[in-house]
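A.B. asks: Here you go, one structure.
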Amino acid sequence: MSVVPPSALGEPCVLLKLGEVVLKGKNRELFERRLQANIKSALKSSGVRADVRQRHGVIAILLPEGTSVDVADAVAERLADVMGLVWIHRAWRVAKDPDAVTAAALELVAGRTELIERRATFAVRSRRRDKRFPLRSNELDRVVGGEINDKYGLPVRLKNPELTVHIEVDRDEVFVFTDGLPGQGGLPVGISGRGLVLMSGGIDSPVAAYRMLRRGLSVDFLHFSGIPFTTSESIYKAYALVRALAKFQDRARLFVVPFGKAQQSLRSSGADRLQVVAQRRLMLKTAEEVAHRLRRDVLITGDSLGQVSSQTLQNLTALDDAVAMPILRPLIGMDKTEIMAEARRIGTLAISELPDEDCCTLLAPRRAETRAKIADLRQIEKRLDAEELAVQLAASIQEYKLDTPPDPGVPRERSSI
């Protein structure tokens, strides 16, 4: 995406294009403040000091003088993971002078030798945010486009050109660029509230987490391990998945519940074919207790209607009955192919496909109930005293810091939540 900067190109910078945020009317300023805070946090994590300047529908990231092209490219790639941005452009800052703009555009095209050699089509798109600039947008298009055509012999094609030179005239400078990275879109993380994701080691729950991050929720993660009846593999997977998602938000925390003995108690209580639904209800009750302690507003699961036996409409209704807290299911209408495609795009699919011992299959009956009755489930929970058990399980959780690889074999201090 980058070229070696000749003197005409000035200093490298990054230009960020906002999407849905600009449609927020009187609340727009609130969304933009949250977005700027998230951008600054991402810049801090990349170790780059930069000046963040808000414009109308655009945020300019002005890098320190002398910043290398490689560093500027790395900043652009990091900011492509910030929710709320639709395009990230590696641009060049040049003086607000038509001759300087033309020279920069010529130098930028000069770096695209493969396009010049095969006489690729091109277009110039100008936007004049500062109306004091002497040339109108269409005039600037003609001037710069004519110079490119004269020097390189590239044919102009205004519809679907192979190369587009963008020129944006701003208050203090002009930005010139060609390519861009697609952003994540959506809303800034943290603007919509706080949620708790029930994170399995499978494909669905990381995608569900990503989708809610994209809608502005900040999330923590709660994983149920089959320990002591399974190995710690699922914890490692959950940890790796949370790390893969951490690039989309400033802070992510993983909590783990040792759930094996609770599953054994459910089986002993006579759950039989209701075992899967009963243990999922207990997970939700535990998650609700944890969410209250963490001051989280909503639970998030990776349920997809009809995908497995526990996700029939009647069973999902029985799960909703287990807790008073709202349960968000962002994948409810997606099929497995769509979910896998999304997981591949966000970088979690390969991790999810690693083998592990899933606690959800531990002690599962040969045939699971697809039409669970709430009254039967409540009777099982009454025999088990599920409410008290959920409180005990919530008190037993352990937090795994993302800056330290997990070592489930080493006792950890329990989180005081």
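A.B. asks: Would a scan of the stretch 213-232 turn up a residue that is at pLDDT 95 or above, open to solvent by 10 Å² or more (accessible area, probe 1.4 Å), farther than 24 Å from Lys285 by Cβ and not in a loop (DSSP other than H, G, I, E, B)?
C.D. replies: For the stretch 213-232, residues at pLDDT 95 or above, open to solvent by 10 Å² or more (accessible area, probe 1.4 Å), farther than 24 Å from Lys285 by Cβ and not in a loop (DSSP other than H, G, I, E, B): present.
A.B. asks: Now for a different question. When you go through Arg378, Arg345, Arg296 one by one, which is the residue that is among the basic types (Lys, Arg), surrounded by 14 or more Cβ atoms within 10 Å (Cβ to Cβ) and part of a helix (DSSP H, G or I)?
C.D. replies: Arg378
A.B. asks: Out of the residues in the stretch 271-292 that are touching a helix residue (DSSP H, G or I) at 6+ places or on another chain (Cβ under 7 Å) and of a type in the set (Gly, Ala, Ser), state the one that is farthest from Arg378 (Cα to Cα).
C.D. replies: Only one residue fits best here, namely Ala271.
A.B. asks: Could you list, in sequence order, all residues of the stretch 25-45 that are touching a helix residue (DSSP H, G or I) at 6+ places or on another chain (Cβ under 8 Å) and surrounded by 15 or more Cβ atoms within 10 Å (Cβ to Cβ)?
C.D. replies: Passing the criteria: Phe31, Glu32, Leu35, Ile39, Ala42, Leu43.
A.B. asks: Among the residues of the stretch 310-342 satisfying the criterion of being within 26 Å of Pro228 (Cα to Cα) and of a type in the set (Gly, Ala, Ser), which is surrounded by the fewest Cβ atoms within 10 Å (Cβ to Cβ)?
C.D. replies: Ranking the candidates gives Ser310 first.
A.B. asks: Consider the stretch 64-102. How many of its residues are surrounded by fewer than 21 Cβ atoms within 10 Å (Cβ to Cβ) and of a type in the set (A, V, I, L, M, F, W, C)?
C.D. replies: Residues that pass the stated criteria total 8.
A.B. asks: Looking at (1) open to solvent by 40 Å² or more (accessible area, probe 1.4 Å); (2) of a type outside the set (Asp, Glu); (3) over 31 Å from the mean Cα position of the chain (by Cα), which is the one condition that is false for Leu115?
C.D. replies: (1)
A.B. asks: Here's a follow-up. Checking the structure you have, find out if any residue of the stretch 188-206 is touching a strand residue (DSSP E or B) at 6+ places or on another chain (Cβ under 9 Å), modelled with pLDDT of 95 or more, surrounded by fewer than 17 Cβ atoms within 10 Å (Cβ to Cβ) and within 23 Å of Arg34 (Cβ to Cβ).
C.D. replies: yes
A.B. asks: For the stretch 147-166, what are the residues that are surrounded by 15 or more Cβ atoms within 10 Å (Cβ to Cβ), in a helix (DSSP H, G or I) and charged (D, E, K, R)?
C.D. replies: Answer for the stretch 147-166, where residues must be surrounded by 15 or more Cβ atoms within 10 Å (Cβ to Cβ), in a helix (DSSP H, G or I) and charged (D, E, K, R): just Glu147.
A.B. asks: Go through the stretch 119-146 residue by residue and tally those that are open to solvent by 30 Å² or more (accessible area, probe 1.4 Å), assigned to a strand (DSSP E or B) and either aromatic (Phe, Trp, Tyr) or under 16 Å from Leu163 (Cβ atoms) (or both).
C.D. replies: 1
A.B. asks: Exactly one condition in (1) assigned to a helix (DSSP H, G or I); (2) more than 32 Å from the chain's Cα centre (by Cα) is not met by Lys285; state its number.
C.D. replies: Of the numbered conditions (1) assigned to a helix (DSSP H, G or I); (2) more than 32 Å from the chain's Cα centre (by Cα), the odd one out for Lys285 is (2).
The values are calculated or read from the model by the stated rules, or taken from the named source; none is laboratory data. If you're wondering where the values come from, they're calculated on a predicted model, not measured in any experiment. Cβ coordinates were reconstructed from backbone atoms using ideal geometry, including for glycine residues, and neighbour counts include every protein chain displayed. The area values use the complete protein model at the heavy-atom level, side chains included, leaving out ligands, DNA and RNA. Shrake-Rupley method; radii C 1.70, N 1.55, O 1.52, S 1.80 Å.
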